[in-house]
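Accompanying notes for the structure given below.
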């Protein structure tokens with residue numbers, strides 16, 4: 001089963017569940033973990049020292065992107081860090097286009113030579 005199918009099943013199951021009681025705890029399901037794409041081309045290098053594991057990230061669709069119609073921007077406190085990698089963005093773009101409540105957070109920061117390995121993030125459906 002590919003990632004798109006898996007996310008669609010998770011979202012449909014979540015949407016069909018009965019409403020939660022006011023005192024019930026909220027459940028988050030991990031949808032994916034990805035490295036940040038485009039680290040060197042945006043603001044990630046300038047805010048690198050301020051980032052912390054656990055920091056909230058914002059995911060924003062960029063459907064008019066000239067290179068990828070499924071592009072999903074990754075922002076931190078208003079700063080454009082980069083993108084969800086093209087190989088990992090189809091299910092997230094689909095969910096965001098449908099208004100699904102996705103959240104993201106920094107899951108790993110590593111001072112690697114390769115910018116592709118410096119920031120990893122997790123995406124959850126709530």
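The values are calculated or read from the model by the stated rules, or taken from the named source; none is laboratory data. Predicted, not measured: the structure shown is a model, and the values here were computed from it. No Cβ is skipped: glycine too gets one built from the backbone with ideal geometry, and neighbour counts run over all protein chains shown.
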Any pair with Cβ under 9 angstrom, 6 or more apart, that starts in the stretch 65-82 at a residue that is on the phi > 0 side of the Ramachandran plot and ends at one that is part of a strand (DSSP E or B) and surrounded by fewer than 17 Cβ atoms within 10 Å (Cβ to Cβ): 77/56; 77/58; 78/58
Show me the strands (runs of 3 or more DSSP E) found entirely inside the stretch 63-126 where at least 2 residues are touching a helix residue (DSSP H, G or I) at 6+ places or on another chain (Cβ under 7 Å). 72-76, 79-83, 119-125
For the stretch 53-100, name all the residues that are under 22 Å from residue 28 (Cα atoms), exposed (fewer than 12 other Cβ atoms within 10 Å of the Cβ) and out of contact with any strand residue (DSSP E or B) (no Cβ under 7 Å at 6 or more places or on another chain). 98, 99
When (1) in a helix (DSSP H, G or I); (2) at pLDDT below 95; (3) more than 18 Å from residue 122 (Cβ to Cβ) are applied to residue 7, the one that fails is (3)
For the stretch 35-52, give me each residue that is part of a loop (DSSP other than H, G, I, E, B), surrounded by 11 or more Cβ atoms within 10 Å (Cβ to Cβ) and in contact (Cβ under 8 Å) with a residue 40 or more places away in the chain. 36, 38, 42, 51
